[in-house]
Amino acid sequence: MKKIIFKKGIGLVEVLVAVFIFTIILSSLIFISNLYLSGATDNLRNTQAVYLAEEGIEGIKIIRDNSWNNILSIPENTKFFLSFSLASSTWQIIDIEEKIGVFSRSFVINSVNRDSNGDISTFGTDDPNTKKITVNISWNSKKGFITKSLITYITNIISE
């Protein structure tokens, strides 16, 4: 007696399993690459925001270097914006938001108090020759509205 072995359809099942495995692997690779690109974009935006904040601090220092009265004339706890004027090749303080690509840069100046040891503190005597500067960089991303801040202190380096 002869045994009859039916092998029809086995090749089709193998092809379907191989296509299924290939689809899962390809989908995973696409997902991972999208995740990587999204993270890379977020890192790029964060790096750009840090550079813009540092540039803002340097712009305020240049305004300070021109005259400390430029800093004293800015109302405290009020949001202002910086703009570099190509015509005059200098930084300007403006009250209208100016976009830098997808970013918005603003800054706030606050007074500084010193304690009896001369250290910066929340309480104490007002130091008219030192100001606290907070530069904020904001932008919209896939994760929502993001704001990064850089805080520093500037002083009147030339007593007038």
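Brief remarks follow.
- Whole-Å distance, taken between Cα centres, linking segment 98-124 and segment 9-42: 51
- Cross-link partners of LYS148 among aspartates and glutamates (Cα-Cα below 17 Å; sequence separation of 8 or more within a chain): ASP42, GLU54, GLU55, GLU58, GLU97, GLU98
- Length-normalised contact order for segment 60-130 - Cα pairs under 8 Å, 6+ apart - percent: 23
- Given R0 = 30 Å, the distance between the Cβ atoms of ILE94 and ILE120 translates into a calculated FRET efficiency of 0.60.
- Exposed loop sites are taken as chymotrypsin sites (Phe, Trp or Tyr not before Pro) in a DSSP loop (any state but H, G, I, E or B) with at most 11 other beta carbon atoms within 10 Å; the longest stretch of the chain without one runs 7-122.
- THR152 versus LEU72: modelled label distance in nm, points set 7 Å from Cα along the beta carbon direction: 2.3
- Matching label, mean projected area of the Cα convex hull in nm² computed from the structure shown, candidates (1) 18.2; (2) 26.8; (3) 16.3: (1)
- Helix 10-66 vs. the chain, principal-axis angle (Cα, 0 to 90°, nearest 10): 10
- Summarising the label geometry, the points placed 7 Å from Cα in the beta-carbon direction at ILE21 and SER85 lie 7.0 nm from one another.
- Residues whose amide H falls under 5 Å from that of ILE74, counting only those 5 or more places apart or on a different chain, are absent, with hydrogens built in the peptide plane.
- Backbone phi angles across segment 132-147, fed through the Karplus curve with coefficients 6.51, -1.76 and 1.60 (θ = phi - 60°), yield HN-Hα couplings of 8, 10, 10, 9, 10, 10, 10, 6, 8, 9, 5, 8, x, 7, 10, 10 Hz in residue order; Gly and Pro are listed as x.
- Based on alpha carbons, the Rg and Dmax found for segment 43-107 are 12.3, 38 Å.
Read-outs: derived from the displayed coordinates by stated rules, not from any lab. Keep in mind that what you see is a predicted model, and the values were worked out from it rather than measured. Heads up, the Cβs are rebuilt from the backbone with ideal geometry, glycines too, and the neighbour counts pull from every protein chain shown.
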